[in-house]
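J.: Please read through the structure below; I'll follow up with questions.
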Amino acid sequence: MATTMHGHSAPRLFGRERTLHAALGGRRAADIILWRDKRASAAILAAATAAWGLFEVAEFHFLTLVCYAAMIGMLVFFIWSNASSFFNLPVPRVPDPETLLSERATRQAIQGAHRRLSRLVETLYDIACGKDIKMFILTVFSLYIASVIADCFSSLTLLYLVVLGAMTLPALYERYDSEVDHLVARGVHDLRTHFAGMDSGVLRKIPRGAGAAAK
């Protein structure tokens, strides 16, 4: 339980009982997200910002930038390879692709994405069956809000905002978790009060689907 700034205890966000680092996996990814490895975290955030600036602000096309990068890389390797014999420089070596991206790591990443996608589809199916009418309304409302937000930004800007939020919000929450938990607990209490009034006056009169009846 987290202790708030008023001295009272409040449930932690999402009902978690572990530390935020453990909830995020407790590995290198958690270290990067929580800025335990400041160099890697800053590099990822700087790279995402540079990519967003190039493609969204400067309006570079992805294929154009790839071609320019390939041309510059080939030119550097060409000059370096031909000048190595004159200046006694080592011949440039191209890294082995197996060391950069192994087949096992690629397979694990694909399997992990497949498991998460399957779990998401199963969860949406259960909600769509009407087993929990309050969760159904909340999910539809959340999807509508997400569609409105997505309509205000380009896909690249939206992706950058997701990366920016992932690299900043967890670290800020870890620093100010007591205050955030207190505010979230108050907000959840108010929402439950409003939903209780809706449930007794409106939602219980709505007929449930076959999936909810079977449940």
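J.: Restricting everything to alpha-carbon atoms, can you work out Rg to Rh for region 22-86 with a Kirkwood hydrodynamic radius?
T.: 1.21
J.: Note down the magnitude of the dipole of region 22-86 about its Cα centre, charges +1 on Lys and Arg C-beta and -1 on Asp and Glu C-beta and zero elsewhere, to the nearest 20 debye.
T.: Dipole of region 22-86, to the nearest 20 debye: 360 debye.
None of the figures in this text is laboratory data; all of them are computed from the coordinates on show. Everything numeric in this text was worked out from a predicted model, so none of it was measured. Because the Cβ atoms are built from the backbone with ideal geometry, glycine has one as well, and the counts that use them run over all protein chains shown.
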